[in-house]
Structure formats: C-alpha cells, structure tokens
Amino acid sequence: MLLLLACLIVLVSALVQTTIGFGLALIAVPLLVLIDPQMVPAPLIIVSLLQLSISAWKHRADIHWKPLWIALVTRIPGTALAVWLMGRYGIDGIKIVIATSVLLAVAISLFKFEAEPNQRNHAIAGFFSALSGTTTAIGGPPMALLYQNQPADYVRANLSAYFTIGSMISLAGVAMGGFITAQSWVYVAWFVPATLLGTLLGLRLRHRVDAKLIRPAILVLCSASALIVIGQTLLS
C-alpha cells in the first residue's frame, strides 16, 4: 500500500513538473522520505532524469545553452560537496537538509524575491542547485528563481535542459559515494511507469492549466511536508 502511495506521489509530481517546469522533487521528496528514506535521493534522481529528458526534447527549440553552461560548471563542485555531506552526516542530516531546503524555497517564493538571470547568478544558482539536488533531489528552486519572470515555454525548456545534464552529474556523484543500492533499483522499477504516465499527462495539460492556481497548493503542501520531516527527525 505504501509503495503504491509512493508511485502516486511520483506520478502527480511528474505531472506538475511537466506542466509548470518545476516541482517534481519539491513535492515528492518530503513525502517519499516519510515513507522510506531510501527512496531519495538516488531513485528519484534516476526517474527525474527520465522526465527531464522527455521534457527537454519536447521544448528543445526554446533552449538557450550559453547561460546554462555556466551553471553546469559550478554544479560540479556543488555535487562534490554534497556527496561529502551525505557521507559525513547520514540520513538524519539529509532529512534536515531536505526540510530546510523546502522551507527556504517557500519563504523566497512568498517574499517574491527576484534575481536577474546574469552570469554571476547562474554560477551561484548552479552551485546551490547541485548542493541541494544531490543531497535531497530538490534542486529546482535556485534555478527556477532565475527564470520566474520568463515565458512559460522558456522556463520549461531551460530548466529541463539544465537538470537533465545536472541530474547526470548528481547521479555520478551519488554512485561514486556508494548511495545507489539494490533497493534503489527496486524503487526505480516501480517509479518509472508512474513517471512516464505523469509526464505524458503533463504534456497534454501544460497549456490548459493555470500555474497561478497550482503554485499556492504546492507551497502549502511543501511547507507541511517539511515541518513533518523536521519534527520526525527531532523526535527520532
């Protein structure tokens, strides 16, 4: 039953990610870690790579590669630091990072902080995106903030392209750190069909759904999930 619930969470998260350009990890991670901490980060990074590849190909005409490469370069040291943190602090440390990352993203969204998408901010966002994305599979907010005022297809295209390559880097780091287990692949096998179905539904609905209506619900869900994770970790 819990495994089916996890698949439903992945399906809905993939649908939202495909529809508005981000949200898969932001929604799925805080909930999946409550079901089984082994579901993140490796299994979710792997299925995210599947969703992102499909989305990037679908929106390939709107991808602007030049600024993305700067963020991808700084993603490498961010990934290295993330793997070190995972090895040093273990799962409880990861859970705290997950929760604080989500709450920080929510707080920034509420205050409507805007960052200019210049080269310096791409470099900063790439580093922190890798740090958060590798340890928790939540890497969307730093990069999404750069594009929050851009056209919807531009956001979907560039975030998908960035995270397709970025997820490959994170996956390599997680693998070298020994965090991909046999159980990880069991979860991947369950999550792949859910990811594909959510992605296909998202591609059909992306131009029909008003992102302004979805975003408040995402923020409320993420905040509640993050607070539950913090409480669970402190009480354990």
Revision key, fill the gap. The ratio Rg/Rh over the Cα atoms of region 1-99, Rh being the Kirkwood inverse mean 1/r radius, stands at 1.00
Check your understanding: So what's the convex hull volume per residue for the Cα atoms of region 63-115, in Å³?
Key -> 106 Å³
Check your understanding: Given the rule -39500 (n - 2.57) for each run of at least 4 DSSP H residues, summed and divided by the residues of the chain, what is its mean residue ellipticity at 222 nm, to the nearest 500 deg cm²/dmol?
Key -> -28500 deg cm²/dmol
Revision key, fill the gap. Short to long, in 5 Å steps from zero, the percent of alpha-carbon pairs of the chain per bin is 1, 7, 16, 21, 22, 19, 10, 4, 1, 0
Point to revise | Net lengthening on full extension, A107/Y89 (0.36 nm per residue, minus Cα-Cα) | key: 4.0 nm
Study note, to complete from the structure: Note: A175 to D210 extended length (0.36 nm per residue) minus current alpha-carbon separation gives 8.8 nm
Check your understanding: Taking region 6-60 on its own, what percent of its Cα-Cα pair distances exceed 17 Å?
Key -> 29 percent
Check your understanding: For region 41-79 and region 141-193, what is the separation of their Cα centres, given in Å?
Key -> 6 Å
Review point. Once the Cβ-Cβ distance between K66 and A152 is put in as r, and R0 is 25 Å, what FRET efficiency do you end up with, to the nearest 0.05?
Key: 0.75
Check your understanding: Counting other Cβ atoms within 10 Å of each Cβ, which chymotrypsin sites (Phe, Trp or Tyr not before Pro) in region 91-159 have at most 16 and sit in a DSSP loop?
Key -> F111, F113
Revision key, fill the gap. Among K66, K58, K95, the residue with the largest mean-square fluctuation in a Gaussian network model of the chain built from Cα contacts under 10 Å is K66
Point to revise | Computed E for W185/I228 - FRET, C-beta separation, R0 35 angstrom, nearest 0.05 | key: 0.80
Point to revise | Distance in nm between pseudo-label sites at L3 and V73 (7 Å out along the Cβ direction from Cα) | key: 4.5 nm
Review point. What are the trypsin sites (Lys or Arg not before Pro) within region 102-168 that DSSP puts in a loop, where the Cβ has at most 11 other Cβ atoms within 10 Å?
Key: K112
Revision key, fill the gap. One finds, for L203 and L235 with R0 = 45 angstrom and r their Cβ-Cβ distance, a FRET efficiency to the nearest 0.05 of 0.65
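All of the numbers you see were taken from the coordinates with simple rules; none came from a lab. What you are looking at is a predicted structure, and each value in this text was computed from that prediction instead of being measured. We place every Cβ from the backbone using ideal geometry, glycine too, and count neighbours over all the protein chains shown.
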